[in-house]
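Report on the structure given below.
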Amino acid sequence: MHELPVTQSILEVVLRHARMNGVSRVHAINLAVGKLSDLEDEWIQQYFDYLSKGTLAEGAKLNIERIPVVFRCTSCRTDFEVDVRKMKDILCPECGKKDFTLVSGREYYIKDMEAQ
Amino acid sequence: MDEIRLIEIKEDILSDNAALASSLRERLKEKKTYLLNLMSSPGAGKTSLIIRTIQGLKDRFRIGVLEADIDSIVDSEKVAAQGARAVQLKTGGFCHLDAAMVNAGLAAFDLSDFDLIIIENVGNLVCPAEFDTGSIRNAMILSVPEGDDKPLKYPLMFSVCSVLLVNKTDYLGLSDFDMQALKERVKKLNPEIRIIEVSCKTGEGIDAWTKWLSDEISEFIKQV
């Protein structure tokens, strides 16, 4: 639902970096988005195509790397990936305890862009 | 023609919003105004909780409310009837508030005259979780009729809040809501979160909530 303002923000950041680097054309933009976020790849691309018309980034392809949700066991420090949408009775695969901290899954950033 | 090169960006997608949110937080610290961002799905009890909060804390703190509503002033009228200052932000079809909208809404308040301003965010468990509003803390309400499985569907929301209010506990006997399962699911996503069971209808648990909030505000004012 919030893909439009998010896409607008991606475009603004990309255009700012394009100006800073004297870029004439942006071909691809690589994003890292944690699996805790609900962003739909298809919508992001559609909105981007619409918003970027007439800019240096027109036609650029958005590649989204989905960063898995990883928990770290508080007791034995083991890191392991979980599917939060099926989160029921998660136990540490090493020691069987169930106190964790979140290591990754909330990422929301632009890694880099391919440009000329 | 220039060769294609890889240019490192490494910047938050919502960096403009994050920057605006941080500068708003700095201003709030200067003015000693505690801004609380209250989120939930529609009908979970945001307005009822705000009214209970005003009733419980109005003798100790000067309270304002920033109401986000699709297109009505029903909520702000209810809040104003409690004697608190309410400002209505008509959000139209917007699904969330961002720092720019909150900043615009706060222009209607003289921050020096308020100890606590509560943002009643748009009723939605998805979008508001992504946008830093500039508030000091995020709070959310989950009501018993919504079910104990919500952390599985909206994990981000549960992970960005400092406090979770489980409202409508007066419905507990009437449903298969499993409080223990809910707490375990939430604590996995967010071990630091404080969970308080309340009923805005009967008033149960409201004291624990207003105590949490008033301790927070006192601590905030002391620190800045």
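All of the numbers you see were taken from the coordinates with simple rules; none came from a lab. Because the structure is a prediction, the values reported are computed rather than measured. Cβ placement follows ideal geometry from the backbone for every residue including glycine, while neighbour counts extend to all protein chains displayed.
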Problem set entry | Only Lys, Arg (+1) and Asp, Glu (-1) charged, at Cβ; the stretch B:16-216 dipole about Cα centre in debye | 340 debye
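Given a Förster distance of 41 angstrom, what is the FRET efficiency for residue B:149 paired with residue B:108, based on the Cβ-Cβ distance and rounded to 0.05?
0.60
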Problem set entry | Förster radius 51 Å - calculated FRET efficiency between residue A:28 and residue A:99 (Cβ-Cβ, nearest 0.05) | 0.80
Seminar exercise, completed: In the neighbourhood of residue B:217 defined by beta carbon distances under 9 Å, the net charge of the other residues (Lys, Arg +1; Asp, Glu -1) is -3
Problem set entry | Sorted peptide list for B:43-54, A:90-101, B:199-210, A:8-19, criterion being average Cβ within 10 angstrom, highest first | B:43-54, A:8-19, B:199-210, A:90-101
Exercise. Of the beta bridges DSSP finds with both residues in the protein assembly as shown, what % are antiparallel, to the nearest 5?
Worked result: 35 percent
Seminar exercise, completed: Scoring chain A by relative contact order with C-alpha pairs under 8 Å, at least six apart, yields a percentage of 36 percent
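Given a cut-off of 21 Å, name the pairs among A:86/B:46; B:10/B:187; A:61/B:10; A:35/B:187; A:111/B:153 whose C-alpha atoms lie farther apart than that in the structure shown.
A:86/B:46; B:10/B:187; A:111/B:153
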Problem set entry | Using θ = phi - 60° and Karplus 6.51 cos²θ - 1.76 cosθ + 1.60, couplings along the stretch A:57-68 (whole Hz; Gly, Pro as x) | 9, 4, x, 5, 9, 9, 10, 10, 8, 8, 8, x
Problem set entry | Cβ-isolated cysteines (cut-off 4.7 Å), chain B | B:161, B:200
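How large is the helix-only mean residue ellipticity at 222 nm for chain B, computed as the sum of -39500 (n - 2.57) over DSSP H runs with n ≥ 4, divided by its residue count, in deg cm²/dmol to the nearest 500?
Value at 222 nm, helices only: -11000 deg cm²/dmol.
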For this session: Return the sequence-ordered ³J(HN,Hα) values of the stretch B:125-135 in whole Hz as given by the Karplus equation 6.51 cos²θ - 1.76 cosθ + 1.60 applied to θ = phi - 60°, using x for Gly and Pro.
Result: 9, 9, 5, x, 5, 7, 10, 5, 8, x, 6
Problem set entry | Sum of side-chain charges, residue B:186 neighbourhood, beta-carbon under 10 Å (Lys, Arg +1; Asp, Glu -1) | +3
For this session: Among the GluC sites (Glu not before Pro) in the stretch A:38-83, which ones are in a DSSP loop with at most 14 other Cβ atoms within 10 Å of the Cβ? Mind listing them?
Result: A:40, A:58
For this session: Sort out for me the Cα centre separation of the stretch B:7-64 from the stretch A:28-62, rounded to whole Å.
Result: 29 Å
